[in-house]
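The values are calculated or read from the model by the stated rules, or taken from the named source; none is laboratory data. Note that the structure is a prediction, hence the values are computed from the model and not measured. Here Cβ is always computed from backbone atoms with ideal geometry, including for glycine, and neighbour counts include all displayed protein chains.
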There are 2 protein chains.
Amino acid sequence: MTALGTLYGVGVGPGAPDLLTVRALRVIEAADVLALPRSSDFGASVAWSIAAPIVKANAAQERLRLTFPMSKEATVVRPRVLAAVDAIGERLLAGRAVAFLTEGDPSVFSTFGYVRDEALRRWPSLRVEVVPGVTSITSVAAIGGIPLADGHERVAIIPATYGVGDLVDLLERFDTVVLMKLGGAMPTILEALERTGLTDRAFLVSRATMAEQRVERDVRRLEGDTGGCLAMMIVKRSDRSGRLVNEAAPDATRATEAP
Amino acid sequence: MTALGTLYGVGVGPGAPDLLTVRALRVIEAADVLALPRSSDFGASVAWSIAAPIVKANAAQERLRLTFPMSKEATVVRPRVLAAVDAIGERLLAGRAVAFLTEGDPSVFSTFGYVRDEALRRWPSLRVEVVPGVTSITSVAAIGGIPLADGHERVAIIPATYGVGDLVDLLERFDTVVLMKLGGAMPTILEALERTGLTDRAFLVSRATMAEQRVERDVRRLEGDTGGCLAMMIVKRSDRSGRLVNEAAPDATRATEAP
């Protein structure tokens, strides 16, 4: 009996090919099968378009394209997950190693989690290995020229399309609020920023680190907008790190724990 | 007049050398000076111990060791930041490129933010470039075999030593709570887990992806413990992703937005 192949979930980072890790490169190049998620049957896989320019071509390798439509409905997504695990399972049962590529990191808002769970339900002895990647969240902070959090700050990560009714409260309780999946939530977000006086502390980045990257520092301009593809907004209440070193008086609340 | 050198903040990832990105490798190997933070004058730099096994030796390169003691007190940390920027600035003014290495990602709980701000205060035209890295946060999720967040989940990242008085409330409002910098907060954390019935949904990882990695799935054993060095706890309220594909009845609240 052939031993089951290993299933890898591989994060390819936010968009720039050279933000793949050395391990991701190695795992992708060695895999028998690349499972490449895309959002429509006729579109390209964003994860593959990130990795392809830096990965060595491997003629023996199969590229298995899997479609997961953008949807909040389990009735839409679930059959696609089951079909994906059918196709991936066929390869695993033949002893082939399958690398499932994901944008960013496989643990953050990725379909890989569903695929893993269903595969483990069917084959409990399956070996699954996750290769973490650079997330778009820290890339957006880097692009904005701010820390996501200095040593003592709290961060909330909110998928906005699933509800931002308590955003005013969150903005008051967290030093940094990261809003992802903006969709139709923009009017509510802009209103909450106005109410908390934080409009000028917010910025938006879409397609971070990609050639088409867009940065919008005046979020008022986003009225009636969704921010575009792969957009994310960061709201940073204060700028304590700057004050740590600049202010004359020592202030323990602005210290860091180094390094 | 010599042009100012560029200051790079380079994330080297959570611990395993092959989790450096291709860009981090390139920037580190090309830099004239490596700024290597450490927590004591006699200790090693953790960031350098992560990168050294995978970086090509460069005999022309200077290694500048900078000490930032672990402290919450600005009076302790601030003079070290100023001294670090003195030393780094001397090199930048000579036109040399300086790469400041940080564990994980430079935007997450790193001293780099303070160094950048002070350097930009002194030399406003300085070119600063941040190379994002894999954070220990997603690595710990990967090690735990769970998603940090599926498509619709909320995440809170809390540095515990700065206060966990509202932890019960946070555990009720967020799908995933990441507790970092555990220190003396462990008794309060364990009590909040008991009160919310989430003790069995928590796990701790220290020194993620390093050879000395420790995973503790029964957090009750941590009574009177700080979890050790570089420890992090993840509390995941539910396990929806598993249910998405396993349950017979469709349930829109458990859908994902793919891919």
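Using the structure shown, decide if A:ARG91 is farther than 25 Å from B:GLY11 by Cα, more than 7 Å from chain B (Cβ to nearest Cβ) and basic (Lys, Arg). Answer is yes for this residue. Applying the condition of being over 24 Å from the mean Cα position of the chain (by Cα) and touching a residue at least 12 places away in the same chain (Cβ under 8 Å) to the stretch B:98-143 and asking which residue is nearest to A:ARG127 (Cα to Cα) yields B:LEU126.
Condition check: farther than 19 Å from B:ALA149 by Cα, assigned to a helix (DSSP H, G or I) and without any contact (Cβ under 8 Å) to a residue 24 or more places away in the chain. Does A:ALA185 satisfy that? Step through it out loud before you land on a result.
Working: farther than 19 Å from B:ALA149 by Cα: yes; assigned to a helix (DSSP H, G or I): yes; without any contact (Cβ under 8 Å) to a residue 24 or more places away in the chain: no.
Spelling it out, it is not the case that A:ALA185 is farther than 19 Å from B:ALA149 by Cα, assigned to a helix (DSSP H, G or I) and without any contact (Cβ under 8 Å) to a residue 24 or more places away in the chain.
Count of the stretch A:14-41 residues, restricted to those that are out of contact with any Ser or Thr (no Cβ under 7 Å at 6 or more places or on another chain), touching a residue at least 12 places away in the same chain (Cβ under 8 Å), within 21 Å of B:ALA141 (Cβ to Cβ) and facing another protein chain (nearest Cβ under 8 Å), is 1.
Applying the condition of being facing chain A (nearest Cβ under 8 Å) and of a type in the set (Val, Ile, Thr) to the stretch B:132-142 and asking which residue is nearest to A:ALA24 (Cα to Cα) yields B:VAL134. Is it true that B:LEU92 is part of a helix (DSSP H, G or I) and under 30 Å from A:TYR114 (Cβ atoms)? Criteria not met by B:LEU92. Among the residues of the stretch A:138-156, is any under 30 Å from A:ALA84 (Cα atoms) and in a loop (DSSP other than H, G, I, E, B)? Within the stretch A:138-156, none of the residues are under 30 Å from A:ALA84 (Cα atoms) and in a loop (DSSP other than H, G, I, E, B).
The rows are residues; the columns are (1) small (Gly, Ala, Ser); (2) at pLDDT 80 or above.
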| position | (1), (2) |
| --- | --- |
| B:ASP218 | no, yes |
| B:ARG221 | no, yes |
| B:SER238 | yes, no |
| B:VAL245 | no, no |
| B:ASP251 | no, no |
| B:GLU257 | no, no |
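When B:ALA84, B:ALA99 are screened for being part of a helix (DSSP H, G or I), under 30 Å from B:ARG207 (Cα atoms) and touching a Leu at 6+ places or on another chain (Cβ under 6 Å), only B:ALA84 passes. Looking only at residues of the stretch B:144-161 that are touching a residue at least 12 places away in the same chain (Cβ under 8 Å), more than 7 Å from chain A (Cβ to nearest Cβ) and of a type in the set (Gly, Ala, Ser), we find that the one that is farthest from B:CYS229 (Cα to Cα) is B:GLY144. For the stretch A:173-197, residues that are more than 13 Å from A:MET233 (Cα to Cα) and within 12 Å of chain B (Cβ to nearest Cβ) total 3.
Quick grid of which residues meet (1) surrounded by fewer than 18 Cβ atoms within 10 Å (Cβ to Cβ); (2) more than 30 Å from B:ILE234 (Cβ to Cβ); (3) of a type in the set (Phe, Trp, Tyr):
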{"residue": "B:VAL85", "(1), (2), (3)": "no, yes, no"}
{"residue": "B:PHE109", "(1), (2), (3)": "no, no, yes"}
{"residue": "B:ARG121", "(1), (2), (3)": "yes, yes, no"}
{"residue": "B:THR135", "(1), (2), (3)": "no, no, no"}
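Looking for something crowded, with 24+ Cβ neighbours inside 10 Å, under 25 Å from A:GLY144 (Cα atoms), hydrophobic (A, V, I, L, M, F, W, C) and within 8 Å of chain A (Cβ to nearest Cβ) - is there at least one such residue anywhere in the stretch B:94-102? Working first, answer last.
Step one: filter the stretch B:94-102 for residues crowded, with 24+ Cβ neighbours inside 10 Å, giving B:98-102.
Those left that are additionally under 25 Å from A:GLY144 (Cα atoms): B:98-102.
Next, only the ones that are hydrophobic (A, V, I, L, M, F, W, C) stay: B:98-101.
Adding the requirement that they be within 8 Å of chain A (Cβ to nearest Cβ) leaves none.
No, the stretch B:94-102 contains no residue that is crowded, with 24+ Cβ neighbours inside 10 Å, under 25 Å from A:GLY144 (Cα atoms), hydrophobic (A, V, I, L, M, F, W, C) and within 8 Å of chain A (Cβ to nearest Cβ).
All conditions but one from (1) modelled with pLDDT of 95 or more; (2) buried (at least 24 other Cβ atoms within 10 Å of the Cβ); (3) at the interface with chain A (Cβ under 7 Å from one of its Cβ atoms) apply to B:VAL115; the one that does not is (3).
For every residue, the table says whether it meets (1) over 16 Å from the mean Cα position of the chain (by Cα); (2) part of a strand (DSSP E or B); (3) over 28 Å from B:ILE28 (Cα atoms); (4) not assigned by TED's automatic domain parsing to the domain that holds A:ILE143.
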{"site": "A:GLY15", "(1), (2), (3), (4)": "no, no, no, yes"}
{"site": "A:ASP18", "(1), (2), (3), (4)": "yes, no, no, yes"}
{"site": "A:ARG23", "(1), (2), (3), (4)": "yes, no, no, yes"}
{"site": "A:ARG26", "(1), (2), (3), (4)": "yes, no, no, yes"}
{"site": "A:GLU29", "(1), (2), (3), (4)": "yes, no, no, yes"}
{"site": "A:LEU36", "(1), (2), (3), (4)": "no, yes, yes, yes"}
{"site": "A:PHE42", "(1), (2), (3), (4)": "yes, no, yes, yes"}
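Only residues that are more than 8 Å from every other protein chain (Cβ to nearest Cβ), polar (S, T, N, Q) and over 14 Å from B:ALA97 (Cβ atoms) were counted across the stretch B:42-75, and they come to 2. Would you mind stating whether B:LEU126 is crowded, with 23+ Cβ neighbours inside 10 Å, more than 9 Å from chain A (Cβ to nearest Cβ) and modelled with pLDDT of 95 or more? In short, no.
Scan the stretch A:157-182 residue by residue and report those that are assigned to a helix (DSSP H, G or I) and either buried (at least 20 other Cβ atoms within 10 Å of the Cβ) or not aliphatic (A, V, I, L, M) (or both).
Kept after step one, since they are assigned to a helix (DSSP H, G or I), are these residues of the stretch A:157-182: A:160-162, A:167-173.
Correct list: A:ALA160, A:THR161, A:TYR162, A:LEU167, A:ASP169, A:LEU170, A:LEU171, A:GLU172, A:ARG173.
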